[in-house]
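**Q** Sharing a structure with you now.
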Amino acid sequence: MIKIRKLKKSFGKLEVLKSIDLDLSQSECIGLIGPNGCGKTTLFKSILNMVIPTQGEILVNNKSIYGNDIYRENIGFMPQIGRYPENMSIGQVLSTLKSLRPQTKNFDMDLFNQYEIPRLLNKKMGTLSGGTRQKISAVLAFMFNPAILMLDEPTAGLDPLSAEILKDKIQLEKNKGKLVLITSHLLSELDDMVSEVIFMQEGNVTFHKKYTTLMLETKEHTLAKAITHVLKTT
Amino acid sequence: MQNIYVLILFLLFSLSTSAAKVLYVGEKQQFNAIKPAIESAMDGDSVIVMGGFYKEGNIVINKSISLIGVNRPIIDGDRRYEVITIKKDFVSISGFKIQHSGYATLDDPGGIKINGANHVTITNNILYDNFFGVYIQMGKHCLIKNNKISAISKAEQQIGNGIHCWKSDSLQIIGNEISGHRDGIYFEFVTHSVVWRNLSHDNIRYGLHFMFSNDDSYFTNYFKQNGAGVAVMFTKNVTMMNNTFEDNWGDAAYGLLLKEISDSNISGNRFINNTTGIYMEGTSRIWLDKNLFRENGWGIKIMASCMDNSLRKNDFYSNSFDVSTNGNVVLNHFEGNYWDRYHGYDLNKDGIGDVTYHPLSMFGVVVEKMPSAMLLHRSFFITLLDNSEKVLPSLTPSNFEDKFPSIKPSLI
Amino acid sequence: MSKIGHLVLIDIFKNKIVLIYAIVLLIITWSVFMLEDTSGKGLLTLLNVVLLVVPLMSLLFSTIYLYNSAEFIELLVSQPVKRQQIWLSLYFGLSLSLAGAFVVATIIPLLLFCSLAQALMMTITGFAVTLVFISLGFVASIVSRDKAKGIGIAILMWLYFALLFDGLVLFLLFQFAEYPIEKPMVILSIFSPLDLARINNLMQMDAAALMGYTGAVFKQYFGSGLGLYITGFAMLLWVIVPLFISTRIFKRRDL
């Protein structure tokens, strides 16, 4: 579904991505992890074309993403920090974003209803708590039924109940055949969600493995321990 | 009604004195034209012209008669002739509408021309669309009063002056309204004359223009919206009091242009909304006091060629530039004027500011040196610069000052 | 485009600062015309507002708004929309709301107290100055990722156009005082949108005679229809060129 070929990115002299090659296929929930500054955010943003790479290319559904804005119809993005125009109501933001994706016919309103957004529709964005804004971000990511979901620290800031709702939703979408890409610092969160793990260090992909394979190889039971194991042995 | 009284008066007059006759001109009257009536008249007679339209070419008055119009008779010059020419002393003309004189020929045709005659009285006439309105050459003791003189404005060369006076003496020009001519009132070599309570507006060049005319006085006249304002040149001993110079806006318009004049007194005048209130060049020993300068581009421009002028107790309000000069040497004296830009204090409450005021603005000086700098007029930068210059004069002559600025305006 | 623009427009109209801006303008405009004894003086005061307050507000507000909207802009970029479209929509929303605030706040007293030509000139220049300086604000916000630096750049721009440029002109005037510099001066004024605004407004006032008095070229040029066309065209360039530059940078920028 997403093919990344020899992707390089440097900011000035700093090389953030050093020739990344990845194949991400559908019906997977992939955890993108790594220490701070390893380049995972840059990779994430590269797929969304927020960061323009120095070299290499990215294909979504076998089409290059450059000079092609339509491909993002297939992507639902949930940013780490959602900030919206302060004086707008939730309803206005939702309708504006709807108007940007006129192709979508079947809206996925699961999260919208589960988070009880309907009764908040007239609230102004500026008055919302961080958690509620995060819910809105989640609703926006899932609402358009995209084939690819890109979630940046999705559970950060959410209360446990809401986080659980989101996790279930992620599982559901993965099983429907979607590709879900998640970054998170909370490795324990990822354990019961991800089917694949990409681990990055200093701009390189250290490994890209099935979750089960990783556990077998390291003989560990949790992602956190498995990663520690890998770091120790290399 | 009034006309009937006049008639009765003249009838009585003619009955009592056998010497002076009254001749009537008009339909069903003794004469049906003016010229034959004048021909039959003797010195001292009156010719009464009834309302009507008279087109008789050039009417020459060579007898001391009174020509009186009743019910505003119209005398038309057919755009070919000088309408009335007066060549004898003690002639009076009143009550007519005199129109369409000849144009732009060599002999300067006018609605009424006084040619070498004294004690002529021109009152209550309407002079409309004439080349010159009233033209006086070599006349003495003439009175031009309460006439309305107007012309349809054309280019400067195609129109003469409203009241044109040349080589005359002891004239009285009173209460006339003059508009649309080249110069409203024009004096050249005219002496001992008075111009009082006239309204001169919308003339193409100057509202009042006088040259080489000494010992004249101008009181309470109103000069408004003239192409170039009022010009006084090559003259001395002139008194100008209580006149108003207003709305003379234009690239080269002045409220009052003074050039080569000396020993004169200009006081109590109001200069409002002119490009330049007073422009002074080569003037000396002039007293300017208690004048008001309001909303002019420049209040007063004093060129370096001026000296020994004294400016006292004038009020300066809302002018873009109060005073401007092109020289560095200050030979004129400012004292006790009111400046609305003055921010000094008066501790002893004697009405005189305790701090010397420098009326020159830096930008004014710059513009005088480099007119192109006007492009920066009202720019924020210039405002800042002007204010710093006020605190620390560097470009403006520091002795250009009013040592005793008045705290309160003296006029309003 | 219109949808995002619409959103920004509504957002800004509900913004307290814009509301205060509009109210302050309203108060200033009414009070200058009520307090000054002539409408000419009021108009001059208002001109100073247009030359100082409006550009500063336009620059600072647009710059800060863009920095504060960084995350929302990211979200918009992740949608299937062209970046250019997002950027221009933001410009559209910002300029329409600020320029609208100016026009709404000033138009009634202007029409009441001034001649139609003066009122129109003041309104149009206020509108244009807003557009120009928002366009410049977009440049200020895109050249630096640091908010403080971006605001600093915006303030420097304001200082340059409101103050330093005229100082530069005066300096050049002194340097080339011996040469016929009227025409070059006229051309030079095209390089400052605020000078264009100031001179064109002065030409509608009594001060026109002062300009004509000192230089026929000024009056010939600025007083004529051609001058108005050139001024309008120059203002348009002042809107388009910075907007074009910032759009180009935004299109290739890493967010």
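**Q** Would you point out which residue out of A:SER184, A:SER188, A:SER162, A:SER195 is small (Gly, Ala, Ser) and in contact with a strand residue (DSSP E or B) (Cβ under 6 Å, 6 or more places away or on another chain)?
**A** That would be A:SER195, the only listed residue that is small (Gly, Ala, Ser) and in contact with a strand residue (DSSP E or B) (Cβ under 6 Å, 6 or more places away or on another chain).
**Q** For region A:49-165, which fully contained helices (runs of 4 or more DSSP H) count at least 1 residues that are among the small types (Gly, Ala, Ser) and more than 9 Å from chain C (Cβ to nearest Cβ)?
**A** Helices (runs of 4 or more DSSP H) meeting the threshold: A:90-100, A:130-143.
**Q** Of the residues in region A:150-167, how many are acidic (Asp, Glu) and under 15 Å from the mean Cα position of the chain (by Cα)?
**A** Going through region A:150-167 one residue at a time, the tally reaches 2.
**Q** On the given criteria, is B:ILE149 within 23 Å of B:ASN58 (Cα to Cα), aliphatic (A, V, I, L, M) and over 20 Å from the mean Cα position of the chain (by Cα)?
**A** So B:ILE149 fails the test.
**Q** List the number of the failed condition for B:ARG80; all other conditions in (1) touching a residue at least 24 places away in the same chain (Cβ under 8 Å); (2) among the charged types (D, E, K, R); (3) assigned to a loop (DSSP other than H, G, I, E, B) hold.
**A** Against the list (1) touching a residue at least 24 places away in the same chain (Cβ under 8 Å); (2) among the charged types (D, E, K, R); (3) assigned to a loop (DSSP other than H, G, I, E, B), B:ARG80 comes up short only on (1).
**Q** Look through B:VAL120, B:VAL134 and report the one residue that is of a type outside the set (Gly, Ala, Ser), buried (at least 24 other Cβ atoms within 10 Å of the Cβ) and over 21 Å from B:SER179 (Cβ atoms).
**A** Matching residue, one of B:VAL120, B:VAL134: B:VAL120.
**Q** Out of everything in region B:254-272 that is surrounded by fewer than 24 Cβ atoms within 10 Å (Cβ to Cβ) and within 14 Å of another protein chain (Cβ to nearest Cβ), what residue ends up being nearest to the chain's Cα centre (by Cα)?
**A** Across region B:254-272, the extreme among qualifying residues is B:LEU257.
**Q** Here's another thing I want to ask about it. Tally the residues that are over 11 Å from the mean Cα position of the chain (by Cα) and surrounded by 24 or more Cβ atoms within 10 Å (Cβ to Cβ), restricting the search to region B:165-187.
**A** 5
**Q** Report those helices (runs of 4 or more DSSP H) wholly inside region C:39-114 carrying at least 2 residues which are under 28 Å from C:THR29 (Cβ atoms) and within 14 Å of chain A (Cβ to nearest Cβ).
**A** So the answer is C:54-68, C:83-113.
**Q** Right, next: Pairs under 6 Å by beta carbon, first residue facing another protein chain (nearest Cβ under 7 Å) in region B:361-387, partner of a type in the set (D, E, K, R), six or more apart or different chains?
**A** B:SER372/C:GLU182; B:LEU376/C:ASP166; B:SER379/C:ASP166; B:PHE381/C:ASP166
**Q** Within the group B:SER394, B:SER388, which residue is part of a loop (DSSP other than H, G, I, E, B), under 26 Å from C:TYR160 (Cβ atoms) and either among the polar types (S, T, N, Q) or not assigned by TED's automatic domain parsing to the domain that holds B:ASN319 (or both)?
**A** Only one candidate passes the filter, namely B:SER394.
**Q** Identify, please: which residue in region B:137-155 is among the polar types (S, T, N, Q) and assigned to a strand (DSSP E or B) and is, among those, surrounded by the most Cβ atoms within 10 Å (Cβ to Cβ)?
**A** Within region B:137-155, the match that is surrounded by the most Cβ atoms within 10 Å (Cβ to Cβ) is B:SER150.
**Q** Now, a different point. Can you tell which of C:LEU170, C:LEU202, C:LEU196 is in contact with a Lys or Arg (Cβ under 8 Å, 6 or more places away or on another chain) and within 30 Å of C:GLU36 (Cβ to Cβ)?
**A** Being in contact with a Lys or Arg (Cβ under 8 Å, 6 or more places away or on another chain) and within 30 Å of C:GLU36 (Cβ to Cβ) holds for just one of C:LEU170, C:LEU202, C:LEU196, which is C:LEU202.
**Q** Okay, moving on. B:THR325 is checked against (1) touching a Cys at 6+ places or on another chain (Cβ under 8 Å); (2) under 20 Å from B:THR276 (Cα atoms) and fails just one. What number does that condition carry?
**A** (1)
**Q** Which ones in region A:13-48 are within 14 Å of chain C (Cβ to nearest Cβ) and assigned to a loop (DSSP other than H, G, I, E, B)?
**A** Correct list: A:GLY39, A:LEU48.
**Q** List every residue pair whose Cβ atoms lie under 7 Å apart, where the two residues are 6 or more positions apart in sequence or sit on different chains, the first residue falls within region A:213-234 and is among the hydrophobic types (A, V, I, L, M, F, W, C), and the second residue, located anywhere, is assigned to a loop (DSSP other than H, G, I, E, B) and surrounded by 12 or more Cβ atoms within 10 Å (Cβ to Cβ).
**A** A:ALA226/A:GLU220
**Q** Could you count how many residues in region B:327-360 are within 32 Å of the chain's Cα centre (by Cα) and modelled with pLDDT of 85 or more?
**A** Qualifying residue count for the region: 13.
**Q** Across region C:145-192, which residue is surrounded by the most Cβ atoms within 10 Å (Cβ to Cβ) among those that are at pLDDT below 90 and of a type in the set (S, T, N, Q)?
**A** Filtering first and then ranking leaves C:SER189.
**Q** Any residue in region A:66-95 that is over 25 Å from A:THR183 (Cα atoms) sitting within a Cβ distance under 6 Å of a residue that is of a type in the set (A, V, I, L, M, F, W, C)? List the pairs, counting only those 6 or more apart or interchain.
**A** Hits for this filter: A:GLU86/A:MET125; A:MET88/A:MET125; A:ILE90/A:LEU120; A:ILE90/A:LEU121; A:GLY91/A:LEU121.
The values are calculated or read from the model by the stated rules, or taken from the named source; none is laboratory data. All values reported here derive from a predicted model rather than from experimental measurement. Here the Cβ is made from the backbone with ideal geometry for all residues, glycine too, and neighbour counts use every protein chain on show.
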